[in-house]
Amino acid sequence: EIVMTQTPLSLPVIPGQPASISCRSSQSLLDNDDGITYLDWYLQKPGQSPQLLIYALSYRASGVPDRFSGSGSVTDFTLKINSVEAEDVGVYYCMQRIEFPYTFGQGTKLEIK
Amino acid sequence: QVHLQESGPGLVKPSQTLSLTCTVSGGSFSSGDYYWSWIRQLPGKGLEWIGYINYSGMTYHNPSLESRVTMSVETSRNQFSLKLGSVTAADSALYYCASVHMLRGMDVWGRGTTVTVSS
């Protein structure tokens with residue numbers, strides 16, 4: 001199965017400052033047939049279900065603020081928040097869905113300093 | 001707006017079968033663009049994808065769960081179900097169902113249901 005590795009695992013951030021989370025996959029997530037990179041980002045806020053933030057590498061899900069952005073290629077990916085707000089606290093997961101079984105990263109816990 | 005709701009017993013005895021149902025409302029359950037997934041979260045841990053089923057009953061499950069997983073769909077009720085056999089305490093977790101769009105990923109999640117395996 002494809003192994004997803006996130007760094008850092010803990011991320012303290014001052015409100016208004018940028019934040020960045022890295023995710024690396026053990027295999028390419030680029031589908032050469034359709035050109036889509038099957039890498040998504042999810043946020044699990046405290047006490048809530050995970051919610052989709054970014055899909056297919058860089059597309060923001062409906063209702064997601066534009067301070068969130070996804071980038072990267074092949075096996076190295078980044079989620080960026082350009083100005084962290086208090087409501088952004090929680091655990092961020094990357095997930096690959098280019099092949100079964102889908103696999104998640106370990107999660108990165110973002111907290112406010 | 002699609003809404004998903006998990007239901008099922010919160011307590012299961014060891015060696016028995018865990019059975020959960022997810023009811024889908026507000027959307028097209030039979031859309032070929034979607035399939036329906038189960039994910040679980042062990043206490044204090046990350047997320048583990050269990051498997052998926054589509055509206056016609058095609059399934060795939062995580063090999064880590066070996067042959068203990070069975071999934072089914074009841075289109076007339078807009079429901080899909082998960083059965084996990086021979087459970088142990090290690091299967092105690094928060095179980096989520098989610099809709100998976102072929103492009104957009106897991107775009108809607110249920111609130112989750114906690115299952116404890118204990119005698």
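Just so it is clear, none of the values below were taken in a lab; they were calculated from the coordinates. Since we're looking at a predicted model, the values are computed, not measured. Cβ: placed from backbone, ideal geometry, glycine included. Neighbour counts: every protein chain shown.
List of remarks:
- Pair-distance distribution of the range A:36-85: all C-alpha pairs, bin width 5 Å, starting at 0; shares per bin in whole percent are 5, 21, 29, 25, 15, 5, 1.
- Net charge, residue A:110 excluded, C-beta distance under 15 Å - Lys, Arg +1, Asp, Glu -1: +1
- Whole-Hz Karplus values for the range A:99-113 come out as 8, 8, x, 4, 9, 10, x, 6, x, 10, 8, 9, 10, 8, 6 Hz, taken residue by residue from phi with 6.51 cos²θ - 1.76 cosθ + 1.60 and θ = phi - 60°; glycine and proline positions read x.
- Distance from the range B:104-119 to the range A:17-54 (C-alpha centre basis), Å: 19 Å
- Local electrostatic count, residue A:75, Cβ distance below 14 Å [Lys/Arg +1, Asp/Glu -1]: -2
- Space enclosed by the convex hull of the alpha-carbon atoms of chain A, per residue, Å³: 93 Å³
- Along the range B:97-111 the Karplus relation, 6.51 cos²θ - 1.76 cosθ + 1.60 evaluated at θ = phi - 60°, assigns HN-Hα couplings of 10, 8, 8, 10, 7, 4, 9, 7, x, 7, 8, 9, 10, x, 7 Hz to successive residues, with x for each Gly and Pro.
- Listed values for the range B:51-60 are Karplus-derived 3J(HN,Hα) couplings in whole Hz (6.51 cos²θ - 1.76 cosθ + 1.60, θ = phi - 60°), namely x, 9, 9, 9, 5, 8, x, 6, 10, 8, and x replaces Gly and Pro.
- Model label points for residue A:85 and residue A:109, set 7 angstrom from Cα along the Cα-to-Cβ axis, are 2.4 nm apart.
- For residue A:112, the residues whose modelled amide H falls within less than 5 Å of its own, excluding neighbours fewer than 5 places apart on the same chain, are A:13.
- Counting other Cβ atoms within 10 Å as a rough exposure proxy, the listed residues B:12, A:64 run A:64, B:12 from fewest neighbours to most.
- Kirkwood analysis of the Cα pair distances in the protein assembly as shown returns a hydrodynamic radius of 18.1 Å.
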